[in-house]
Every structure is written in C-alpha cells, then in structure tokens.
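Encoded as structure tokens, the structure appears first; notes follow it.
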Amino acid sequence: MTAGNDAFDLIVLGAGSGGYACALRAAQLGLRVALVERAELGGTCLHRGCIPTKALLHVAEVADTAREAESVGVRATLAGVDLAGVHAYKDRVVGRLYQGLQGLVSGAEKITFVQGDGRLAAPDAVEVATADGPLRLTAPSVVLATGSRARTLPGLDIGGRILTSDEALRLETLPDRVVVLGGGVIGVEFASVFRSFGAHVTVVEALDRLVAAEDPAVSTALARAFRRRGIDVRTGARLAGATQDADGVTVTVESGDPLRADLLLVAVGRGPVTQGLGYEEAGVAVERGFVLADERCRTNVPGVRAVGDIVPGLQLAHRGFAQGIFVAEDLAGLHPTPLDESGIPRVTYCDPEIASVGLTEAQARERYGEVTTYEYHLGGNGKSQILGTTGFVKLVRRGGANQTGPVVGLHMVGARMGEQVGEAQLIYGWEALPEEVAALVHAHPTQNESLGEAHLALAGKPLHAHA
Ligand code: NAI
C-alpha cells in the first residue's frame, strides 16, 4: 500500500515529545501530517520518563511528609509504602494524560496517526511495517524524532536484578538495598525515591561529583543533603563489574569493598535511537549514533529534519517540544527564531530539588572573563524554614565587582526550587540586571523570595542576607 506524494506535506517519525509537538503544531498551521509511531503516542516522557518518575517522586514526598509529621505536631506515622497502590496512582496519572493526548491527535483533522515500525526509505519516504502490512508514505519533508533509550555498559546485561529506569518503574517488591550506578539526573532522582521508600541506597559515580553538568556548588550541596538523608554517596568510583545470584547482586568498584544489594539500577546515560532506521543509508550524517542538525534542525539531507534526543544536546522533553514546534512553524513559512539552547531550563526533581538556567560559574568565566557570583542561603528565607529545607540560590553575573552586567547563570537547590525556574529563565532570557530584578517586589513568604533576595544582595542592598 502507498500513500502518495499529494497525501502529506510532512511525515514525522516518532511520536514522543518532539514528534507529537511537531505534528500538532504543523496540523494547526494547515499542513497534512503523517505521524508514525511503533509503540505509544507520547513516547519516553509520558510512558517511561518525566511523568511516571515525577509521580514516584511525589509519592516519595508524601511518604517523607508522613515520616516527618510528628515533628510538626501532627499525629501520624508511616506504616509503609504499598507498591501496588503507588503503581495504580502513577498509571492513573499517565493514563489521563495519554487519553488527553490521544484525543488531541485524533481530533486534529490534518494528522494521520500511523501505528507501526517506521524506517526512512529515502529523503522523502518512510516505510512503515503496520499490522496490516507494509505502507510507504511520501512527503516533501520528513522529521526524525525517534528519541533515546537507556544505555548500559559492556558486560552489564539488563535483566533480573540489574535494571534501567524502565524496569525500575514497574517493580513489584520494594528493595531493601539498592546500588545506583551513575550520579547523573536519573541516578539522583531514583536514589531519592528509593531512599524515601525506606531502602538503603548507595550511589556509585565515576566522576568526582554528582550531577556533574551542574555548577559544582550544586553538586556539593546535593551530596551533603543526600548524606544527611542516609544515602551513601561514592564519587570517583568506577564500576568494575556486577554479578547476580538468587539472593542479590554484588557490585564491585575499582576501589573499595564490593557492595551487596537487592537491585542495581544502571543510570549511565541515554543513547539515541537511530540504528537500523535507514538514516545513514539515506545519507543522513550520524555521529556516535546522534543525528547532526543545524540550529534550524536541518540535517545534511535536504528535506530531512531532526528533533529531540537524537540531536546532540540536552535530552529534555521541553527541548524536544520546542524544536518540534520550531520545525512545524519553519515548514509552514512562519520564519520562527531558532531556539536559544543555552536558555533551556533544567530541573532535577530529587530531594532537595535542583533548578538551573544558563552558565555555571566556570562556563561564565571561560566565556566572559570576569564574573561576580553571589550565594544566598535559604537559612534566611522564611518559607524555607517553614518547609524545613536548606539550600541556596547562586547567581553568576557578567562583569567584576564594581561593574554591572546581566545575570548569566542561576543555580538553585532546595525543596520545591524547581518551581522557581520560570522566573530564573526570564531573568536569563531577558538579560536582566541584578538591579532590575531587585526592583521587583517578591511575595513574602515564598521560596521565590530567595531569588529576589539574591538579586538584592548582588545589587548591593541585601535585606535578609549579608552583602
Ligand atoms: P547522565 O548523563 O545525566 O548521568 C550518567 C552518569 O553516569 C554520569 O554522571 C556518568 O559519569 C556516570 N557513569 C557513566 N559510566 C559510569 C561507570 N562506569 N561507573 C560509574 N558511573 C558512571 O545520564 P542519566 O542520568 O542516565 O540521564 C539520561 C538523560 O535523561 C539525561 O540527559 C537527563 O537530562 C535526562 N533526564 C532528565 C530528567 C530531568 O530533566 N529531570 C530526569 C531524568 C532524565
């Protein structure tokens, strides 16, 4: 069966965040879209990533709240975490969003959803193995949006007691001891969940700090907070091997004693899904598995674009959405402005939360030479004291102490600090001067006030802080 040249303006291969956003926006703009997906509409973010993991992190917060209830005078105790109930809640959340998304796509007249395994057959053609047989779709534009999957290491086969985040989302029994391999974003989020669920957790990270993409001050604060929570943080620890038996898994690191656990969670990064999909055969430039694309998401092959986790850069759903929307608008002739990747906000939802936008101090020094920094500690923030959290807001400003310049990096650690990232992103995106932000009245008492206080201090007029 073929769907000929006049059927579609655009084929989107992969219906995750990047792909479905592109399809929806393109359809809004009047383009006829074929959206091809082999698994479920919504992709990693909805089914195996952002949404289910943040549901688990919410459960973790509820468990911790019950645990801490007595300390604020509420008579309650944590009797335990019932995983069946946790999964039912998580699946309800995912199910509601999935239903909504299915409704959006099926309601979009210009989108044809094609279920099946797709493959780039030519720069203007995608072949799909559907349940009803092969289908060849053609269109002048193709958007590759096939996403990423959990990586593992050579000799570390996933199965049994050795899992990735995919399997960790479907555990049937609570582990007593967990080793988390990798102290990146997935590693610290799952370490946080397992700890809140009552497990003994060890994080094994090869680099000398957790969340190494963040400013080092963030890594230090997180490691300290994790240790206070009883999480065993081992940095500078490279995995030597892991073996499993009926009772558990033994994890050996290059230095130190072997670790024994019920489970080993492998969180050493996510690799692009680009192999065996016809990309290279069609002439698309692929490097270390990633599809190379310019700022307009164009590959080297005319007519073929790429968005989301297959393109080198931040592997974040909101980057995928933004790229997908950009491509749709570009194809529709709206001449959108390419995405400023440096302004993409980052939030890691462990306890304490991490949120950041822009450059770390070291990156800013490298780019601008002289910079000024200020760290405002949450000890002076009323709402933080109410919530019982510690942490800080660190600002990185361009220019020396006696100059003024815009804030080029904002780094935050503390309970619920992810919710502050919206203002942080405006400050960064609008190249705000500390004096301008300091002139804004921040609501009291909020966590958000800490952003205001940090800017007041940087502008030389601290209120609840030292200059
Ligand atoms: P990652 O790249 O953030 O972290 C992987 C960590 O594993 C690194 O710190 C690395 O040094 C360590 N590692 C690698 N090999 C090792 C070894 N042999 N021994 C010990 N440590 C080793 O990757 P992660 O955490 O798997 O996340 C994948 C992607 O998913 C990231 O790009 C992340 O941005 C995204 N993601 C984002 C979330 C968010 O925005 N909240 C949540 C979850 C994932």
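Residues that are within 20 Å of the chain's Cα centre (by Cα) and of a type in the set (S, T, N, Q) within the range 151-189 comprise T152, T164, S165, listed in sequence order. Right, V74: away from the ligand (no atom under 16 Å from the Cβ) and assigned to a helix (DSSP H, G or I) or not? Answer is no for this residue. For A206, the criteria (1) surrounded by fewer than 21 Cβ atoms within 10 Å (Cβ to Cβ); (2) more than 18 Å from T152 (Cβ to Cβ); (3) under 27 Å from the mean Cα position of the chain (by Cα) hold in every case but one, which is (2). For the range 445-459, how many residues meet the condition of being more than 12 Å from T373 (Cα to Cα) and not β-branched (V, I, T)? Here the count works out to 9. Condition check: buried (at least 16 other Cβ atoms within 10 Å of the Cβ), within 12 Å of the ligand (Cβ to nearest atom) and not β-branched (V, I, T). Does L181 satisfy that? So L181 passes the test. Residues of the range 199-225 that are assigned to a helix (DSSP H, G or I), within 14 Å of the ligand (Cβ to nearest atom) and under 26 Å from R260 (Cβ atoms): L222, A223.
Residues that are part of a helix (DSSP H, G or I) and of a type in the set (S, T, N, Q) within the range 345-369 comprise just one, Q363. Take the conditions (1) at pLDDT 95 or above; (2) away from the ligand (no atom under 13 Å from the Cβ); (3) farther than 24 Å from S148 by Cα; A246 misses just one of them, which is (1).
Looking across the range 23-79, the residues that are among the acidic types (D, E) and touching a residue at least 40 places away in the same chain (Cβ under 8 Å) come down to E37, E40, E61, D64, E68. Pairs meeting the criteria (first residue in the range 288-299 and in contact (Cβ under 8 Å) with a residue 12 or more places away in the chain, second residue among the acidic types (D, E), beta carbons under 9 Å, at least 6 apart or on different chains) are F290/D309; E295/E341; R296/D330; C297/D330.
The values are calculated or read from the model by the stated rules, or taken from the named source; none is laboratory data. Nothing here was measured: the structure is a model prediction, and the numbers come from that model. Note: ideal-geometry Cβ built from the backbone for every residue, glycine included; neighbour counts use all protein chains shown.
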